[in-house]
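Student: Have a look at the structure that comes next, please.
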């Protein structure tokens, strides 16, 4: 096998970048993104935050929830760096790109997203990040993240964040 | 004190590899026929049929389709969908069907041609997880989430790419001795490390690629098998555990370094009345090398966080117990969604694994993962005297 032979087997069967298709459960979230607001569901009964959107609270099964605007600051829990266009040819110009799991400090939910940065080598677990909304050709807006300036991070970071623990703060 | 009373009496595999022109149905039927022949039974006695739907060509009432093509009129049939945990879940279902007297002979069969499928172009593919919150970021199914999980493990425990490479090399060594393996070119650690990072921190040989193939087993009552004077492989314990996640949203599962294998493993070992130290052969489900590493910890072969150092100590070298993935696994034999791991366990316990045979293998642990560590299934298999 050649060096990249075999990689195509896991490719998604699309020629353009995959786009989210809002459905009954997620349309409020995507409408929030269009207004550049990161809306996270909070259960009215037990106050648990949940993401992605879902009809019932998995903790208490209540069907009543309120969409709260999360300020969009958090930190990287883990990340990986794509050096291959395995997600489809449309991703080739973006290489290398960083996919990260971000813990949002305000709501406490984990969000999978992309981390926009010039040098993936400088990404690390615990890196403070904040939300950046990215307009897609079909009018949908994707929430992604940018590294957060260390000075700004200080005000937003809760005392129990991974970064503060690791630095003994 | 056997808790379950069922045994695997037949195993079968189709050819595996790039089999352009072979339908998923064809591969499924080839595997089923081989397992029925290996069991030495008339197909008419089969009264249970458990199947796994085709990913590329999802089919309504799939198990009936397979039964029809095999000329079977079973009493119980259903298709099961727990990803890479399906094969072991089938063994559990078969055990329950036999224990309740619902069935006497249960065929469990899998077949896919994900590598060369024509159906994908015709129908598209099955919806995988929470696509709207994952794929739009360029996350690919399978390997991407494993890269996220591996990165976290490396951060917390000092695990290295080289540790993962040792797993790839060890499994390839076994695949080179397997007549029905897709990857039979010897692999060195240097060659592993020369490959660039594909999805950092993972490299080319950390990843299992999809091939075409089918595999099947036939399960029957242990008492029947003994009466036939065959030497059956007994299902000593079997269990599932679910982490409370769908196969994605993987954002939660990839940030914890413990998988539900810990729960399903403890339950299956407890049912079998054996401990991790009693396991001669461990067939650990491997979408990636990292998947093997985390299970070495979760099944108690080493402590949490020490998987890298365990592998570096030579634990996967010949002669050490448990021997791990002696068929080459998904990484180097063939990705048959876990059924190939069961088949290798049966071969090892029968003593028919050829040059890969582990001397005196009496007890095997087999695992399966569905989704990104969302569902785990574990079965403990044992050799009995006829």
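No value in this document is a laboratory result; all are computed from the given coordinates. Predicted, not measured: the structure shown is a model, and the values here were computed from it. In this analysis, Cβ positions are derived from the backbone assuming ideal geometry, glycine residues included, and neighbour counts consider all displayed protein chains.
Student: When B:317, A:75, B:245 are ordered from fewest to most other Cβ atoms inside 10 Å of their Cβ, what list results?
Tutor: Taking fewest neighbouring Cβ atoms as first place, the list is B:317, B:245, A:75.
Student: How well do other chains shield peptide B:154-162, expressed as the mean number of their Cβ atoms within 10 Å of each residue Cβ?
Tutor: Across the residues of B:154-162, the mean count of other-chain Cβ atoms within 10 Å is 1.
Student: When the scattering of segment A:22-70 is computed by the Debye formula from its Cα atoms alone, each counted once and equally, what is log10 I(q)/I(0) at q = 0.22 Å⁻¹?
Tutor: -0.70
Student: For peptide B:192-205, compute the average count of partner chain beta-carbon atoms within 10 Å of each residue's beta-carbon.
Tutor: That average works out to 4.
Student: First measure r as the distance between the Cβ atoms of residue B:275 and residue B:96, then evaluate 1/(1 + (r/R0)^6) with R0 = 25 Å and state the FRET efficiency to the nearest 0.05. Present the calculation step by step, with values, prior to reporting the outcome.
Tutor: Values: r = 25 Å, r/R0 = 1.00.
Computed FRET efficiency for residue B:275 and residue B:96 comes out at 0.50.
Student: Let me ask another. Which order do the peptides B:329-337, A:62-70 come out in when sorted by mean C-beta neighbours inside 10 angstrom, highest first?
Tutor: Ranking the peptides B:329-337, A:62-70 by packing returns B:329-337, A:62-70.
Student: Anyone know which of B:218, B:274, B:324 comes out most mobile in the 10 Å Cα GNM of chain B?
Tutor: Looking only at B:218, B:274, B:324, the biggest GNM fluctuation is shown by B:274.
Student: Expressed as a rounded percentage, what relative contact order does segment B:211-286 have, with Cα pairs under 8 Å and six or more residues apart?
Tutor: Rounded, it is 29 percent for segment B:211-286.
Student: On average, how many beta carbons from a partner chain sit within 10 Å of the beta carbon of a residue in B:207-217?
Tutor: 2
Student: Additional query: Could you grab the relative contact order for segment A:22-70? Cα pairs under 8 Å, six or more apart, rounded to a whole percent.
Tutor: Values: 74 pairs, mean separation 18.0, N = 49.
37 percent.
Student: Please arrange B:257, B:86 by how many other C-beta atoms lie within 10 Å of their C-beta, fewest to most.
Tutor: Fewest-to-most ranking of B:257, B:86: B:257, B:86.
Student: Further question: Any idea what the alpha-carbon Rg over 2.2 N^0.38 Å comes to for segment A:54-157?
Tutor: Relative to the rule-of-thumb radius for its length, segment A:54-157 sits at 1.21.
Student: Something else: Which of rounded, prolate, oblate describes segment B:1-90, given a ≥ b ≥ c as roots of the alpha-carbon gyration tensor eigenvalues and a/c under 1.5 marking rounded, otherwise prolate only if a/b is larger than b/c?
Tutor: Because its axes are fairly even, with a/c under 1.5, segment B:1-90 counts as rounded.
Student: Return, ordered by residue number, the residues of segment B:286-320 whose backbone nitrogen is under 13 Å from a label point located 7 Å along Cα→Cβ of residue A:124.
Tutor: none
Student: Where does the Debye-calculated log10 I(q)/I(0) of chain B sit at q = 0.06, 0.08, 0.14 Å⁻¹, using only Cα point scatterers of equal weight, no solvent?
Tutor: -0.20, -0.36, -1.20
Student: Using Cβ contacts closer than 10 Å as the measure, can you line up A:142, B:156 from fewest to most?
Tutor: Result, fewest neighbours first: B:156, A:142.
Student: When the label point is put 7 Å from the Cα of residue B:42 along its Cα-to-beta-carbon vector, which residues of segment B:79-109 have a backbone N closer than 20 Å?
Tutor: Under cut-off, by backbone N: B:103-107.
Student: Starting from the Kirkwood Rh over alpha-carbon pairs, what translational D in µm² s⁻¹ does segment B:171-232 have by Stokes-Einstein at 37 °C and 0.692 mPa s?
Tutor: Rounded, D is 214 µm²/s.
Student: Using alpha carbon centroids, what distance separates segment B:1-73 and segment B:179-242, in Å?
Tutor: Comparing the Cα centres of segment B:1-73 and segment B:179-242, I get a distance of 17 Å.
Student: Is the shape of segment B:220-278 best called rounded, prolate or oblate, per the rule: a/c under 1.5 gives rounded, else a/b larger than b/c gives prolate, else oblate, with a ≥ b ≥ c the square roots of the Cα gyration tensor eigenvalues?
Tutor: Prolate.
Student: While we're looking at this one, here's another question. Once you keep just the Cα pairs under 8 angstrom separated by 6 or more residues, what percentage relative contact order results for chain B?
Tutor: Values: 921 pairs, mean separation 98.4, N = 386.
Here the relative contact order equals 25 percent.
Student: Rounded to whole Å and sorted largest first, list the principal axis extents of the Cα atoms in the protein assembly as shown.
Tutor: Principal-axis extents of the protein assembly as shown (Cα, largest first): 75, 49, 45 Å.
Student: Let me ask something else. What FRET efficiency, computed as 1/(1 + (r/R0)^6) with R0 = 22 Å and r the Cβ-Cβ distance, is obtained for residue A:116 and residue A:21, rounded to the nearest 0.05? Don't skip to the end; give the middle numbers.
Tutor: Working: r = 23 Å, r/R0 = 1.06.
Taking R0 as 22 Å, the efficiency between residue A:116 and residue A:21 is 0.40.
Student: Same structure again: What is the Cα centroid distance between segment B:323-338 and segment B:280-302, reported in whole angstrom?
Tutor: A separation of 12 Å, based on Cα centres.
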